[in-house]
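In what follows, a single structure is set out as structure tokens and then discussed.
Throughout, read-outs are computed from the coordinates displayed, never taken from laboratory work. Treat the numbers as computed from the prediction; the structure is a model and nothing was measured. Quick reminder, even Gly has a Cβ in these numbers, built from the backbone with ideal geometry, and neighbours come from all protein chains shown.
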């Protein structure tokens, strides 16, 4: 395994503890039983009736959905839940002996790391083409299932929409001093900085980090804490993923916080996605699982149950979220596989004393 991919996996596993919705820290193995009636109906060939999934998505988030797939196909599904980075590292360590058929990852960077190591297989174009090209591997080795957008959330009592900069670099201006919240140890923040490096170059990324640091931002352990800080008036703006606010609104619709989308990588769209592994003994049922995740039924699940963006055109995002088609027009087109390059990001964060 290449040093850069190893550092990505080890580094990411050490910083994702604060990702509540992105979790995957339940390392138990769960077996979902075969649905006898469906199995007898012959919906799945007996020779391809077992599926092993390594899931970096938490069981509380996707367990019911996987259960639905088992019932619908009659397949026996075994799921190993865990941290996305740790599971990716396990797949690489297991090599050709890995029992995994499918890797369901919380982020595209981990999928990119496995792709670079030659552990994934080409998916059919009929599957890939259901998702915009930005949200899948250019080589067809993985496909995004649900999306999350980086936003600058703001306290509507303290900030007017007209005051907000159009780009993420605008927050380096002195008028934002003491008003910003961020979470440098958080995996989603580090993925954003990696995307910033990929799209703008290391020099510009350094300038942004140093500019924000000069504005004395308040440091939080995770996105949830940032949203709480905004609600309590500790800060005026915070760099987060969109769904944290969406979940809070379900509990408190009148919370004085709103999304701001910038016209650059500050509104990066990252994805949770899946890859079929080259060690799979059940490639047919593995492909059916991918197809199921892209079905209207599953895409609606992500829109309503996890407050994420569905990635197929047939299902709309929940609530008043800005459509992905608009976000695509104002943000750079980045190969999300390249977000596996965390080594240089961690070095940059350390050099700028952000970490």
Subject >> Most fluctuating residue given options 241, 263, 129, as computed from a GNM of the chain linking Cα atoms under 10 Å >> reply: 129
Subject >> For peptides 251-257, 201-207, 300-306, 312-318, sequence by mean Cβ density within 10 Å, most packed first >> reply: 300-306, 312-318, 201-207, 251-257
Original post:
Ranked by Cβ crowding within 10 angstrom, fewest neighbours first, how are 239, 292 ordered?
Top reply: 292, 239
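Provide 92, 355, 87 in ascending order of the number of other Cβ atoms located within 10 Å of each residue's Cβ, fewest first.
Listed from fewest to most nearby Cβ atoms, that is 355, 92, 87.
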Original post:
If you build a Gaussian network model of the chain, linking Cα atoms that sit under 10 Å apart, which residue out of 134, 179, 329 swings the most?
Top reply: 329
Original post:
Taking the convex hull of the alpha carbon atoms in the range 51-127, what volume per residue do you get, in Å³?
Top reply: 105
Original post:
Going by alpha carbons, how many degrees (0 to 90, nearest 10) lie between the helix axis of 202-214 and the longest principal axis of the chain?
Top reply: 60
Original post:
How large is the helix-only mean residue ellipticity at 222 nm for the chain, computed as the sum of -39500 (n - 2.57) over DSSP H runs with n ≥ 4, divided by its residue count, in deg cm²/dmol to the nearest 500?
Top reply: -11500 deg cm²/dmol
**OP:** Once you have a ≥ b ≥ c as the square roots of the Cα gyration tensor eigenvalues for the range 207-355, tell me rounded if a/c is under 1.5, and otherwise prolate or oblate according to whether a/b is larger than b/c.
**Re:** oblate
Original post:
How would you classify the range 243-283 from its alpha-carbon gyration tensor, with a ≥ b ≥ c the square roots of the eigenvalues: rounded for a/c under 1.5, else prolate if a/b is greater than b/c, otherwise oblate?
Top reply: oblate
Original post:
Who wins for biggest fluctuation among 102, 274, 79 in a Gaussian network model of the chain, springs between alpha carbons below 10 Å?
Top reply: 79
Subject >> Considering only the chain, percent of DSSP beta bridges that pair antiparallel, nearest 5 >> reply: 65
Subject >> Angle in degrees between helix 187-200 and the longest Cα principal axis of the chain, rounded to the nearest 10 >> reply: 70
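Let a ≥ b ≥ c be the square roots of the eigenvalues of the Cα gyration tensor of the chain; is it rounded (a/c under 1.5), or, if not, prolate (a/b larger than b/c) or oblate? Walk me through the numbers on the way to the answer.
Working: a/c = 2.07, a/b = 1.61, b/c = 1.28.
Note, shape of the chain comes out prolate.
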Subject >> Residues 194, 331 arranged by fewest to most Cβ contacts within 10 Å >> reply: 331, 194
